[in-house]
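Below you'll find the structure, written out as structure tokens, and then a few comments.
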Amino acid sequence: MKKQSNLSRLMGYAGGHKILIYLSWILSIMSALLALVPFWYIWRIVHDILEVSPDFSQAGNIASYGWSAVLFAVLSIVVYIAGLMCSHMSAFRVAANIRKELMRHITALPLGVTEKYGSGNLRRIVNTSSAATETYLAHRLPDKAGAIATPIGLLFLPLAFDWRLGLLSLVPVVLGFLIMMKMTGKDMAQRMEQYQNSLFDMSNEAVEYVRGVPVVKTFGQTIFSFKRFKDAIDNYETWVIAYTKGLRLPMMFYTTAINGVFAFLIAGGILFTRGGVTNELLLNLIFYIVITPVIGTTLTKIMFMSEDAMIVGDALGRIDEVLNEKPLSESSVNNIPKDNGITLEHVSYSYDGEKNALNDVSLRVAPGQVIALVGASGGGKTTLANIVTRFFDPQKGRILIGNIDIRDIPKETLMNKVSFVFQNSRLIKASIMENVRMAKPDASREEITHALKAAQCLDIIEKLPNGIDTVVGTKGVYLSGGEQQRIAIARAILKNAPILILDEATAFADPDNEVRVQQALSALSKGKTVIMIAHRLSSITGADCIYVMQDGEIVESGTHNELIERNGVFTRMWRNYSEAAEWKIAKEVTA
């Protein structure tokens, strides 16, 4: 199958605005040709002056030639502006359609895919890559049409007056074009991809670094604690310096060539006037000196167009990479689980295709049971919770809810079955009421107030200027991590889903907020099937079953007392946790 060109791809996004793209090219060509006409009138003015010299009073057509030159120059500008209006209207539509398609596709992708790219990287693909296509369509393609028309007109004008000077004026064009081909070849395309990769990496790591600033401040760490961010900056610095040094010499020769046209013309003028200076030769020499700067401008436009073509090709490649990611399969049958029990059967999952984040995990959570997942970071706890909620599908094994494979449960039905409270819950820039109402769009004010009360949020509401109608994130209204967590719990209470996933729900809560969050979680968990992920082992002592995870596998399971009696991995974890808690208390008492 023949691969579509980048231009064909962009035309496919233009829809009914495609005609405007073609019209912008036509207008740009007309503008470029009209812009050459004033040069002919300038030649006529110089011709008449030389003809009547030294009695300039006899040059009666100078004013009419001058106004004609102004008229065509203004007409060229007006036509060019009309072309830009057409190109911008179509370019904006193309960029908007690309962004819409990307966002529709991203919302259908599993969370595992979005985590693979990173939020900063995805944001840059949606915004920057689509913006690259906008610049290409709105400016570069119309300029390319004009740049192609300009040399054709220039070939006619110089060669029509004195073919010898005309050929001399084209020598720098040939030299500049050869140097440009060297700079914008396949090697440049590879470098442009490396450049975009380094920008994307730096953007993505910057977002992750900013999100981690609270942790940096809390523990007094420096930027060097975020090694990936620093490495991304260093990589970008290394690439840019090497790229700039590599192009320094060819760019110097290119600039010299396109600006050296006068040297060729002066040398030609000296050579051609050895037999004497004629008015015609002087007239043509003046004309070429006036018009040849247009050649340099045209070549520079062509060079930028080659660079932008590579940028837009890279942008479309990144857009396609996201669009080629497969959404999760959808069930055509509305299978409704009979109960809220969860079963994992020999589940395995790998993020990179090499090391398994989950390795042959099997467990059973009975309806209404509370289980806890504990273990060191990287043990697979969050992956297990995410895979139960179908943020991505297992590569091996299956997950069942109510004895139905979750792949056979419609997405909306599954989402109605599950509520989540993550360790770093975020609120959107909207009122408290709207933030909570996201869980149930048709909820009444009374229902929302009841959920906030159950989530221990009344103290938060009382201190806000407009109560639950206060917009978070504006006019100095911000909530602490623990307060945001309680609002997120209120959202989960309002949803009232029978299955609850708690991923380090008290991680960012201060001691006062932690008590309230625990009370809110207790209210939320009543009668539900709960999967808890916790590092604070004191919060899961009452769990019906605790699963200890290590390197993607379940190494121990049982109640708190059973695991302590077993004197295994959990016992060591509990001992270390207790010692750390006692040390903290002793330190506070001493202080």
**Request:** Scan (1) under 21 Å from residue 445 (Cβ atoms); (2) at pLDDT 85 or above; (3) out of contact with any Cys (no Cβ under 9 Å at 6 or more places or on another chain) for the single condition residue 498 breaks and write down its number.
**Result:** (1)
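Pick out the one residue from 345, 354 that is in contact (Cβ under 8 Å) with a residue 24 or more places away in the chain and within 28 Å of residue 532 (Cα to Cα). Write out each step before concluding.
Numbers: 354 fails: in contact (Cβ under 8 Å) with a residue 24 or more places away in the chain.
Only one candidate qualifies: 345.
Among the candidates 374, 418, which residue alone is at pLDDT 85 or above, surrounded by 15 or more Cβ atoms within 10 Å (Cβ to Cβ) and within 30 Å of residue 470 (Cα to Cα)? If you could, list the steps in order and put the result at the bottom.
Values: 374 fails: within 30 Å of residue 470 (Cα to Cα).
The match here is 418.
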**Hits in region 537-556 (condition: part of a strand (DSSP E or B) and of a type in the set (A, V, I, L, M, F, W, C))** = 545, 546, 548, 549, 554, 555
**Message:** Of everything in region 421-437, what is assigned to a loop (DSSP other than H, G, I, E, B) and either buried (at least 17 other Cβ atoms within 10 Å of the Cβ) or among the aliphatic types (A, V, I, L, M) (or both)? Give them in sequence order.
**Reply:** 422, 423, 425, 427, 428, 430
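Here is a check on your reading of the model: is residue 447 surrounded by fewer than 15 Cβ atoms within 10 Å (Cβ to Cβ), part of a helix (DSSP H, G or I) and assigned by TED's automatic domain parsing to the domain that holds residue 381? It would help to see each step written out before you state the result.
Values: surrounded by fewer than 15 Cβ atoms within 10 Å (Cβ to Cβ): no; part of a helix (DSSP H, G or I): yes; assigned by TED's automatic domain parsing to the domain that holds residue 381: yes.
Criteria not met by residue 447.
For region 55-148, list the helices (runs of 4 or more DSSP H) that sit wholly inside it and hold at least 3 residues that are more than 30 Å from residue 411 (Cα to Cα) and in contact (Cβ under 8 Å) with a residue 40 or more places away in the chain; which are they? So that I can check it myself, show each step before the final result.
Numbers: elements: 62-108, 111-117, 119-124, 130-135.
The helices (runs of 4 or more DSSP H) meeting that bar are 62-108, 130-135.
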**Request:** Scan region 400-415 for residues that are surrounded by 21 or more Cβ atoms within 10 Å (Cβ to Cβ) and either in contact (Cβ under 8 Å) with a residue 40 or more places away in the chain or in a loop (DSSP other than H, G, I, E, B) (or both) and report the count.
**Result:** 2
**Item:** Matching residues in region 70-93 - criterion: being of a type outside the set (D, E, K, R), farther than 17 Å from residue 143 by Cβ and in contact with a Gly (Cβ under 9 Å, 6 or more places away or on another chain)
**Value:** none
**Request:** Spot the failing condition for residue 171; the list is (1) surrounded by fewer than 18 Cβ atoms within 10 Å (Cβ to Cβ); (2) touching a Gly at 6+ places or on another chain (Cβ under 8 Å); (3) modelled with pLDDT of 70 or more; (4) not hydroxyl-bearing (Ser, Thr, Tyr), and only one is missed.
**Result:** (2)
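Among the residues of region 314-342, what is the count of those that are closer than 16 Å to residue 405 by Cα and either touching a residue at least 40 places away in the same chain (Cβ under 8 Å) or outside any loop (DSSP other than H, G, I, E, B) (or both)? Quick ask: steps written out before the conclusion?
Within region 314-342, the subset closer than 16 Å to residue 405 by Cα is 328-342.
Okay, now just the ones that are also either touching a residue at least 40 places away in the same chain (Cβ under 8 Å) or outside any loop (DSSP other than H, G, I, E, B) (or both), so 328-331, 333-342.
Of the residues in region 314-342, 14 are closer than 16 Å to residue 405 by Cα and either touching a residue at least 40 places away in the same chain (Cβ under 8 Å) or outside any loop (DSSP other than H, G, I, E, B) (or both).
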**Message:** Just checking, does region 88-103 include any residue being of a type in the set (Ser, Thr, Tyr) and within 30 Å of residue 40 (Cα to Cα)?
**Reply:** no
**Message:** Step by step: first the residues of region 43-69, then only those that are among the acidic types (Asp, Glu) and out of contact with any Gly (no Cβ under 9 Å at 6 or more places or on another chain), then the one that is surrounded by the fewest Cβ atoms within 10 Å (Cβ to Cβ). Which residue is that?
**Reply:** 55
**Number of the condition not met by residue 12 [criteria: (1) under 22 Å from residue 285 (Cα atoms); (2) under 50 Å from the mean Cα position of the chain (by Cα); (3) not aliphatic (A, V, I, L, M)]** = (1)
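The values are calculated or read from the model by the stated rules, or taken from the named source; none is laboratory data. These numbers come from a predicted model, not from an experiment. Counting neighbours? That spans all protein chains shown, and the Cβs are built from the backbone with ideal geometry, glycine included.
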